[in-house]
Each structure stands twice: as structure tokens, then as C-alpha cells.
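Nothing in this text is a laboratory measurement; each read-out follows from the coordinates by a stated rule. In this text, all values refer to a predicted model and were calculated from it rather than measured experimentally. In this analysis, Cβ positions are derived from the backbone assuming ideal geometry, glycine residues included, and neighbour counts consider all displayed protein chains.
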Amino acid sequence: MREVSLTGHERRFDDNEVIVSKTDLKGRMTYCNQVFLRLSGYSELELLGQPHSIIRHPQMPRCVFRLLWDTIQSGREIFAYVVNRSKNGDHYWVLAHVTPSYDRTGKLVGYHSNRRVPERHIVEDTIVPLYRDLCAEEARHQNRKSGLAASTEMVMGFLEERQQPYDEFIARLA
């Protein structure tokens with residue numbers, strides 16, 4: 001993934017807009033709607049065939065993506081708060097709903113994601129502090145693998161303290 005300097009500028013979109021993308025099983029984009037193109041700053045040509053991680057923001061904990069991928073690869077849907085990075089280094093927050101996509105025979109063929117505007121107070125009061133702590137835990141370790149393991153353990157402990165599975169934690173934030 002190419003490195004882009006972060007601008008600190010947040011892009012916003014309207015409550016009535018939905019960001020939509022589809023990927024194949026490896027996470028390579030097969031479809032992006034106009035809202036996604038506008039917020040990401042990329043053209044359709046630049047995105048199709050590229051890994052969805054092209055918009056990964058460095059302040060997005062890897063353990064949340066691990067949880068997301070584990071969930072959708074098992075055939076279940078997931079809701080998650082995500083901060084993405086635009087082509088120019090801006091960022092934008094979303095509440096993502098990611099689902100597996102199946103063909104007519106029931107075979108898993110990819111993933112579909114709809115993203116909406118998240119509630120600001122949830123992002124600022126709960127998600128940003130949690131993600132900051134998870135990223136700090138990931139960075140404390142000498143290698144990415146041990147950092148991911150430690151932050152995964154940390155988020156699972158966070159959920160255990162609340163006696164909630166991840167999907168319930170996200171649902172109760174709203």
C-alpha cells in the first residue's frame with residue numbers, strides 16, 4: 001500500500017447517502033458507487049481490482065479488521081465503525097455493514113458493504129478512544145503479528161468486561 005501523509009481533515013457525507021462497494025473473496029474491489037468514489041478521492045479505474053485496504057487508515061486497529069474478516073468469511077454479517085483514508089490523506093468515518101455475497105447456487109463469491117454516517121457522539125466518545133488504545137497496543141510490539149495478537153486479546157477482554165459479543169456491543173451504542 002502506498003504511503004500518504006495524513007492531512008487531519010475529515011471528509012463528511014450526508015445522512016441520506018450510502019457508500020457502497022463490493023469485493024471478491026480476496027477483498028479486491030469489483031464495484032464502487034459514486035459516493036465512495038467522491039469520498040475516497042479515487043476514480044473507478046483506480047479502485048476496481050485493487051484491495052479494499054487501499055483506503056485503510058493507519059489509525060484503524062488491525063484487530064477490528066481481523067474480527068471483520070473472520071466474521072464475514074464465516075458467512076455472517078457484521079457492523080463496524082471504520083475510519084478510512086482518502087487518496088489525498090483526508091479521512092472519513094463510517095458505520096459499515098458488511099455481508100457475504102452468494103451466487104445462485106449458494107456459493108460464497110464475495111462481500112458487499114454499505115456504509116452510513118455514524119453518530120458523532122459514538123465516534124468521539126467511544127470509538128476514537130477505544131481505537132486509540134488498540135492501535136497503541138499494536139504499536140507497542142516489535143512485530144505486527146504479536147501486536148495484532150495483543151490488540152485482539154485486548155478487544156476481547158474489553159468485550160468480556162461488558163459481557164457482550166462484538167455485534168451486541170456495536171448495536172447497543174446506537
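For Lys26, the lysines whose Cα comes closer than 16 Å to its Cα, not counting residues fewer than 8 places off in the same chain, are Lys107. Take the Cα of Gln59, step 7 Å toward its Cβ, do the same at Phe158, and the gap between the two points is 1.4 nm. When each of the peptides 119-132, 56-69 is scored by how many other beta carbons lie within 10 Å of its residues on average, the order from highest to lowest is 56-69, 119-132.
Derived scalar couplings between HN and Hα for region 34-48 equal 5, 5, 4, 4, 4, 6, 6, x, 9, 8, 4, 4, 6, 9, 4 Hz in order, rounded to whole Hz, by the Karplus curve 6.51 cos²θ - 1.76 cosθ + 1.60 (θ = phi - 60°), x for Gly and Pro. Helical content alone sets the calculated 222 nm signal of the chain at -10500 deg cm²/dmol, taking -39,500 (n - 2.57) per DSSP H segment of four or more residues and averaging over every residue.
Couplings 3J(HN,Hα) for region 116-123, derived from phi with the Karplus relation 6.51 cos²θ - 1.76 cosθ + 1.60 (θ = phi - 60°), are 10, 5, x, 5, 4, 5, 5, 4 Hz, where x marks Gly and Pro. Seen from Leu37, the other residues with C-beta closer than 15 Å to its C-beta sum to a net charge of +2, counting Lys and Arg as +1 and Asp and Glu as -1. Let me check I've understood the local charge: for Ala149, count other residues with C-beta under 14 angstrom from its C-beta, Lys and Arg +1, Asp and Glu -1. What total comes out? Spelling it out: positives minus negatives among the neighbours equals +1.
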